[in-house]
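Please read the structure below before turning to the comments.
Each reported figure results from applying straightforward, stated rules to the coordinates on display, with no laboratory input. Bear in mind that the values here come from a model prediction, so they are computed numbers and not experimental data. Here the Cβ is made from the backbone with ideal geometry for all residues, glycine too, and neighbour counts use every protein chain on show.
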Number of protein chains: 2
Amino acid sequence: MNTADYELLSAKLKVLAHPERLRILDVLRREPECVCHLEALLGKPQPYISQQLRLLREAGVITDEKQGQNVFYHLSDAEVSAWLDVVLGPIDQSDFGANQREFIVACTCPKCAPTTVLLAA
Amino acid sequence: MNTADYELLSAKLKVLAHPERLRILDVLRREPECVCHLEALLGKPQPYISQQLRLLREAGVITDEKQGQNVFYHLSDAEVSAWLDVVLGPIDQSDFGANQREFIVACTCPKCAPTTVLLAA
DNA sequence: TTATTATATGCAAAAAGATAGATATGCAAT
DNA sequence: ATTGCATATCTATCTTTTTGCATATAATAA
C-alpha cells in the first residue's frame, strides 16, 4: 500500500460516507430504481437526488440506464458492493420493507404504479 | 434502517474516508504505535498527526495509552476493524513491510530504537 | 407543434474541513 | 526546580463540500 492506494480508497469511501448517499446505495444494492422512486423514498427535492446520483455515477459506483422516460440506476461496483455488505449488513431477502416499495404512493414510474394502484384499492 | 442509522454509519465512515487517517489505521490495526512512530512513517508534522489522532480518538475508533514518555494508540472499535479487513484486505502477517518498521530510522521510541540500532549496524 | 413529465445541469450562498503556526501541558530525568 | 522531549490544543486562514434554487434538456403525449 502506497500513498496513491490510500488516496484512491479514501476517495471511494468518501462517496459512501454520506447519509443520503448511503441510503441510496442501500436501496440500489437490492434492485435498480428510477430517480422518481428515490425522490419519493428519501423525501428530498429531485435536483438534490440527481446531484447525489451524479456524484455516485462519476465515482463509478452506479450506472444509469434509460427506460422510456425514466432513468434507472443500479450498483455497478463490486468492491463497493462488498463494502456495503459489511457496513450495512447482508441483504435480508425476507425484509419486504427494505426498499419500502409498499409505502411509496408518490412514485408513479411503471415499476411503482402497480403497487400504488394496489394500495389505493 | 432509519435516517439516524444512516447518519451514524456515515459519520463513522467519514472518519475512515481520509488518506492519512486510513493509513494510520492500517498501521494501528497491526499493532499499537506511538505518535512519534506515526510521525516518522507518514512524514507529516507532529501537530498534524495529533490532530488526526484526536479525530479518530473522539470517534471512538482508537484509544490512547501512555507508556513512559510516549503515548501509544491502538484500534479499539471492532466494527471499524471489520471494515478495514474488507477495505484494505486482511492483514498479511508475512508482510514485514506492512508497518514499515524496518524503514523507520527517524523514530527513537523504545519500540523502534532496537530496530534502528539493528539497521545502523 | 405545444405541453408535460422526468431528469440533469449550473451557479451562488452557506457550511465544513484541511493546513499551518504558535503555544501549552505533562512527564521524566537530571 | 529545571531542562528536554513528546504530545495536545488553539487560532486563523484557505479550500472544498454541501445545499438550494433556477433553468435546461430530452422524451413522450396531446
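Restricting attention to segment B:43-58, which residues are touching a helix residue (DSSP H, G or I) at 6+ places or on another chain (Cβ under 6 Å) and either β-branched (Val, Ile, Thr) or within 11 Å of another protein chain (Cβ to nearest Cβ) (or both)?
Matches in segment B:43-58: B:Ile49 only.
Filter segment A:58-91 for residues that are within 16 Å of DNA strand D (Cβ to nearest atom), surrounded by 14 or more Cβ atoms within 10 Å (Cβ to Cβ) and among the polar types (S, T, N, Q) and give the result.
A:Asn70
Report yes if B:Glu39 is assigned to a helix (DSSP H, G or I) and within 12 Å of another protein chain (Cβ to nearest Cβ), otherwise no.
no
Name every residue in segment B:49-75 that is touching a residue at least 12 places away in the same chain (Cβ under 8 Å) and part of a helix (DSSP H, G or I), in order of residue number. Quick ask: steps written out before the conclusion?
Taking segment B:49-75 as the starting set, the residues that turn out to be touching a residue at least 12 places away in the same chain (Cβ under 8 Å) are B:49-50, B:52-53, B:55-57, B:59-63, B:65, B:67-68, B:70-75.
If the condition is that a residue be touching a residue at least 12 places away in the same chain (Cβ under 8 Å) and part of a helix (DSSP H, G or I), then B:Ile49, B:Ser50, B:Gln52, B:Leu53, B:Leu55, B:Leu56, B:Arg57 are the ones that fit.
Looking only at residues that are away from chain A (no Cβ under 14 Å) and aromatic (Phe, Trp, Tyr) in segment B:59-91, which one is nearest to A:Ser10 (Cα to Cα)?
This residue is B:Tyr73.
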